[in-house]
Ligand SMILES: [Zn+2]
């Protein structure tokens with residue numbers, strides 16, 4: 001008789017004692033939001049594609065109409081690696097890789113992690129998630145984009161969300177715009193999440209620049225379409241009313257266990 005069994009024999013077993021509680025893991029809020037976003041776009045006929053996080057200058061910049069020494073490169077504070085490689089600053093390179101291998105018409109989204117060499121604050125971090133989309137066809141216009149965006153917000157937030165569009169500038173789209181949604185944390189009154197403006201810059205985009213089509217071998221006379229980029233982190237901040245992006249990456253269980 002082992003020592004353990006002897007102990008049980010002497011003390012007996014208390015069958016009424018409560019068992020040990022098992023702790024189960026669960027999905028991170030960003031994963032929950034990403035899955036929901038992917039599901040909505042799949043319902044609207046978009047395919048989901050992926051690509052590498054380490055990229056070359058060609059895929060991250062040149063093919064996107066951002067040549068070397070172009071001042072627009074300053075818009076993306078880049079983390080450079082050895083041998084001129086870099087950590088992708090957006091998931092647009094995934095779209096370039098896709099276009100090189102496929103012919104339009106198509107609609108795709110490229111969700112994934114992106115990196116920036118910048119100071120962190122409540123709304124900026126060195127890493128975050130993009131969902132970039134692309135819809136190319138013969139007659140795809142801005143009207144299609146607006147319809148897709150409105151439908152997306154309706155399904156994602158399960159209610160009507162106020163949006164506004166402003167002219168913007170990006171080298172890879174022309175015309176370019178910024179789409180904002182009214183801040184759902186403060187309902188437009190102004191708070192730290194929206195920088196006191198009442199609006200959240202959530203969805204920049206525009207019509208794909210002919211130079212991008214030329215870089216992947218498409219004839220810009222035949223094809224046109226729109227590209228856009230959603231910040232998954234900001235979307236999650238709006239959905240769960242979180243006022244600091246850094247909470248997503250802090251691994252603080254007090255925060256994570258709420259989801
Ligand atoms: Zn706000």
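Any read-out appearing in this document is the output of simple, stated calculations on the displayed coordinates, not a laboratory observation. Since the model is a prediction, treat every value here as computed from it, not as a measurement. Neighbour counts run over all protein chains shown; Cβ positions are idealised from the backbone, glycine included.
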Label-to-label distance, nm, for residues given as residue 28 and residue 83 (7 Å Cα→Cβ offset): 2.7 nm
Residue 20/residue 240 FRET efficiency (R0 30 Å; Cβ-Cβ; nearest 0.05): 0.45
Computed helical MRE - 222 nm, the chain, DSSP H runs ≥ 4 contributing -39500 (n - 2.57), nearest 500: -8000 deg cm²/dmol
Packing rank of 190-196, 230-236, where each peptide gets the mean count of other beta carbons within 10 Å, highest leading: 230-236, 190-196
Packing rank of 20-29, 241-250, where each peptide gets the mean count of other beta carbons within 10 Å, highest leading: 241-250, 20-29
Nearest 10 degrees, 0 to 90: helix 92-101 Cα axis against the chain principal axis: 70 degrees
Angle in degrees between helix 29-43 and the longest Cα principal axis of the chain, rounded to the nearest 10: 50 degrees
Pairs of alpha carbons in segment 73-223 whose separation is greater than 19 Å (percent): 61 percent
Cα-based equivalent ellipsoid of segment 11-149: semi-axis lengths in Å, sorted from largest, via gyration tensor: 40, 24, 14
Angle in degrees between helix 142-157 and the longest Cα principal axis of the chain, rounded to the nearest 10: 10 degrees
Global geometry of segment 59-116, whether rounded, prolate or oblate, following the gyration tensor of its Cα atoms and the 1.5 cut on a/c: prolate
Cα gyration tensor shape for segment 3-58, rounded if a/c is under 1.5, else prolate or oblate: prolate
Pairwise Cα inverse-distance average, inverted: Kirkwood Rh of segment 185-259 (Å): 15.2 Å
Two-decimal Rg to Rh for the chain - Kirkwood Rh, Cα set: 1.14
For segment 21-90, the spread of Cα positions along each principal axis, largest first, Å: 57, 35, 19
Protection-proxy order for peptides 84-96, 154-166, each taking the mean of Cβ atoms within 10 Å per residue, highest first: 84-96, 154-166
Prolate/oblate/rounded label for segment 111-186 (Cα gyration tensor, a/c 1.5): oblate
